[in-house]
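Enquirer: Pasting a structure here, questions to come.
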Amino acid sequence: MTEQENIIELISQASRELQEFRTSTHGETLPMYTLRREPTRMEDFDCGDKDAVYRHGVVIWRENGTLLCVGGRPKYKGRSLRFTIYNESDANKADCVIYGKTDAAIAETATFYWSLKYYENRESRLEIRIRKIDQFEFAAFLPQQLARIFDANPERYFEIDGGIWNAEQSVILATRPYPLNIELTNVVLRDKGTAFVDALEARQPCSFGSFSATILVTNTMLFSGANLERLTKLDITYEKIKFYFSRHECGLLPLSMKTNALECKVIAAHFQPYDFDTLDIVAKDLNLKFYVEKADNWNAPLISFFNRMAELGHLRSLRLSIDFWNNGFRDADLWNFDGTESFDVERTTSEALINAIKGNPKLELLDLSTTHWRADWSGYEGIFAAMEDHKSLRKFIVKELLPFEPCREDDDDDDASYDMDSWFNRDFKALEKLLTRNRSITVYDRVGKRCSNGPRIDKLYLLNDIFNGSKELVTSSSSDRQNLVPTALIERASQNFQYSALLLSNHLDTLSELFGDNDFERMVVMFEEILLLSTNPSSELEVSNLERVHLRPLADKASCR
């Protein structure tokens, strides 16, 4: 056996101190080991059958009187700390528990294990769960222990759920000399964030990494209102910020923070529409959860938001959710006394969204899929039309795209005169037009499926896939293109005129080299004509003639090479 395989040794007889750990009626009895030597890296524990270790679990006895349980379901109870360390691409994800008689001993073992260098060139996540039932206080970690944990793996993503931090601990969090990535959920700063903000203020200007704070417990706040306002005004650049607070004091403050990506919630009742007018929203990637408390006058804040984003014009992605804030709000509140529904997206709101799309030329992603079903955008015709000439947009996500049936005053009137086809297919007709005019965009529903009503739109998606794949091929080496272009022309693409035209239109220079045609301008004009007809053919006969005159000879020449 190698030294690495010998790092743990099975304990044949438990000591009295070890026997004092209370056993639980649940769980399982796991094999118990001691360390032969101190490990320096996480992979030092990769001994024997690693999969079996993660699946069945082991218990490691530490000289400080703690048990480190890796994997399995340990059969112990009492003071403990639960956590998980893993790589998102790794199938091995073990839930771990540290048992001990004192918080200090548990914190010491946690510091030892969390400070081991993770596998080289692999990112890791550390999830820490502080629960009252486990009787462990997060304040037991000394400032130098926290610094050691963070500094050992600076690229690690830390996710901490629960616990109360003292001022010294929050200073360690704010003073790392590298971009830190941390997510705090239901964490309480004992001083309401004063020491944290003071430490960041002393460092500015600087970068932080990603910072996420979520408070789901009523009457609990990570920062005081004053400290949150101070935080948002600091010259600190973040890669990503995520703020979800249960109280309204934060208002729109997070929207003005210097960050590339921002995820937060806003409650319509807690601000005025004009608050957006001068708000400097910095984030290029914005995930905004917009909560409505009342059915009346909620369109105005949305219109103001869209108008502001149209003015700023720097969005790269926008994920917008509209939902109801759970504060005694009932479905019955959505209806007027005359029985009509009072919650609806006004046409002016849809128009403001359209202006925001047009006003952000670098927008690549628009996601409206998590919007409440009552927030009807009055169909997607106008939105699709706004996307037809958009150069950057690649993905549009909706909740679902279904045929729309109008209400009829007399359902028994079989002779009612209205165009059922136009009603049922108006969005799909607009989608078909969009996919024809903008071949770079794809429309998905909330489960990630392409929106379609059948073969006609499916073929458009396929056509656009070929077109985009052909464009990407342009960046390949000349020799690769000389091999791939004729192969595609002879085999798959030659069976369909539109596929051939789109493929060849991106590779005229390669075709000129392949077939010795020095009249490059003539070839460009010829394929512009082919591409125009492939997009919107005037007649099947004309398409057939172009195919016979131009494309078939090229395919024949390519097959002879």
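Enquirer: Which of the residues that make up region 110-123 are surrounded by fewer than 19 Cβ atoms within 10 Å (Cβ to Cβ) and either outside any strand (DSSP E or B) or without any contact (Cβ under 8 Å) to a residue 60 or more places away in the chain (or both)?
Expert: Scanning region 110-123 gives 111, 115, 116, 119, 120, 121, 122, 123.
Enquirer: Assigned to a loop (DSSP other than H, G, I, E, B) and either of a type in the set (Asp, Glu) or farther than 16 Å from residue 257 by Cα (or both) - does that describe any residue in region 202-215?
Expert: yes
Enquirer: Being of a type in the set (A, V, I, L, M, F, W, C) and in a helix (DSSP H, G or I) is the filter; apply it to region 141-170 and report the residue that is farthest from residue 127 (Cα to Cα).
Expert: Ranking the candidates gives 167 first.
Enquirer: Of the residues 194, 111, 214, which is of a type outside the set (A, V, I, L, M, F, W, C) and in contact with a strand residue (DSSP E or B) (Cβ under 8 Å, 6 or more places away or on another chain)?
Expert: The match here is 214.
Enquirer: Against the definition (without any contact (Cβ under 8 Å) to a residue 40 or more places away in the chain, over 21 Å from residue 82 (Cβ atoms), of a type outside the set (Phe, Trp, Tyr) and outside the structural domain of residue 114 (by TED's automatic domain parsing)), how does residue 179 come out, yes or no?
Expert: Taking the combined requirement at face value, the residue does not satisfy it.
Enquirer: Can I ask one more? Would you check which residues across region 308-323 are over 22 Å from the mean Cα position of the chain (by Cα) and farther than 11 Å from residue 358 by Cα and list them?
Expert: Answer for region 308-323, where residues must be over 22 Å from the mean Cα position of the chain (by Cα) and farther than 11 Å from residue 358 by Cα: 308, 312.
Enquirer: In the list 296, 280, which residue meets the criterion of being acidic (Asp, Glu), surrounded by fewer than 15 Cβ atoms within 10 Å (Cβ to Cβ), modelled with pLDDT under 90 and not in a helix (DSSP H, G or I)?
Expert: 296
Enquirer: Here is a follow-up. So which residues in region 171-182 are part of a loop (DSSP other than H, G, I, E, B) and within 25 Å of the chain's Cα centre (by Cα)?
Expert: Passing the criteria: 178, 179.
Enquirer: Quick check on my filter: what residues within region 87-105 are of a type in the set (Asp, Glu) and modelled with pLDDT of 90 or more?
Expert: 103, the sole residue that qualifies.
Enquirer: Please determine, by comparing only the residues of region 65-104 that are under 26 Å from the mean Cα position of the chain (by Cα) and charged (D, E, K, R), which one is nearest to residue 124 (Cα to Cα).
Expert: By that ranking, first place goes to 88.
Enquirer: Only residues that are part of a loop (DSSP other than H, G, I, E, B) and either within 23 Å of residue 245 (Cα to Cα) or in contact with a strand residue (DSSP E or B) (Cβ under 7 Å, 6 or more places away or on another chain) (or both): list them for region 299-316, please.
Expert: Hits for region 299-316 are 315, 316.
Enquirer: Considering only region 438-454, state which residues are among the aliphatic types (A, V, I, L, M) and either touching a Cys at 6+ places or on another chain (Cβ under 8 Å) or at pLDDT below 95 (or both).
Expert: Answer for region 438-454, where residues must be among the aliphatic types (A, V, I, L, M) and either touching a Cys at 6+ places or on another chain (Cβ under 8 Å) or at pLDDT below 95 (or both): 443, 447.
The values are calculated or read from the model by the stated rules, or taken from the named source; none is laboratory data. Note that the structure is predicted; figures quoted are calculated from it, not measured. Note that each Cβ is placed from the backbone with ideal geometry, even for glycine, and that neighbours are counted across all protein chains shown.
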